[in-house]
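Read the structure below first, then the notes.
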Amino acid sequence: MSLDKIVWAVAAIAAIVFAFISGFEWGGLILALLGLASGFFIKGEHRRAVILAAIFLIAGGAGALGAIPTAGEYLTAIFTNYGAVLSAASLMVIVMATAERLVPGMPAQS
């Protein structure tokens with residue numbers, strides 16, 4: 001398994017675990033750092049999809065399953081956490097795309 005898949009898997013697992021752990025004050029920081037690390041590995045053709053997924057989850061898509069009895073609140077928490085990961089990954093994508101345009105000789109990821 002490649003390093004990028006491992007980072008994405010750890011980020012997804014952290015999003016799930018932190019949905020069930022309340023009161024852990026470092027959870028947001030860990031999700032943000034995992035998102036930034038994950039965003040570093042996103043190739044050019046997947047950048048738009050990650051940004052759109054982050055927008056969807058943060059804009060309320062994470063709560064779409066909230067009406068499911070018993071499991072809805074946990075699913076909402078999981079997808080809210082994963083939205084935080086995708087938001088941080090989107091920030092990394094934006095920074096990398098900007099750097100690729102501004103820094104001479106920096107190769108664009110494709």
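Rounded to the nearest 0.05, what FRET efficiency do V17 and A49 give with R0 = 25 Å and r taken as the Cβ-Cβ distance? Could you check?
Calculated value: 0.50.
Can you list the GluC sites (Glu not before Pro) in the range 1-103 that are in a DSSP coil and have 14 or fewer other beta carbons within 10 angstrom?
E25
How much of the calculated P(r) for the chain lies past 16 Å, in percent of all Cα pairs?
60
Taking R0 as 35 Å, what's the FRET efficiency between L75 and V95 from their Cβ-Cβ distance, rounded to 0.05?
Efficiency for this residue pair is about 0.70.
Which whole-Hz ³J(HN,Hα) couplings does the range 57-64 yield from phi under the Karplus relation 6.51 cos²θ - 1.76 cosθ + 1.60, θ = phi - 60°, glycine and proline marked x?
5, 6, 6, x, x, 5, x, 4
In whole Hz, with x marking every Gly and Pro, tabulate ³J(HN,Hα) for the range 66-71 from phi via Karplus 6.51 cos²θ - 1.76 cosθ + 1.60, θ = phi - 60°.
So the Karplus estimates, Gly and Pro as x, are x, 7, 5, x, 6, 7 Hz.
If I build a Gaussian network model for the chain, linking alpha-carbon pairs within less than 10 angstrom, which residue out of G23, G61, G35 has the largest mean-square fluctuation?
Between G23, G61, G35, it is G23 that shows the largest mean-square fluctuation.
For the range 17-110, which trypsin sites (Lys or Arg not before Pro) are in a loop by DSSP, counting at most 14 other Cβ atoms within 10 Å?
Listed in order of number, the matching sites are K43.
What is the distance, in nm, between label points placed 7 Å from the Cα along the Cα-to-Cβ direction at L102 and at A32?
Each label point lies 7 Å from its Cα, and together they span 2.0 nm.
Name all residues of the range 26-61 having a backbone nitrogen under 12 Å from the label point set 7 Å from the Cα of D4 along its Cα→Cβ direction, giving them as ranges.
Of the residues in the range 26-61, 38-47 have backbone N under 12 Å from the label point off D4.
Each value in this text was obtained by applying a stated rule to the coordinates, not by laboratory testing. Here the structure is a predicted model, which means the values were calculated and not measured. Reconstructed Cβ throughout: ideal geometry from the backbone, glycine too, with neighbour counts over all protein chains shown.
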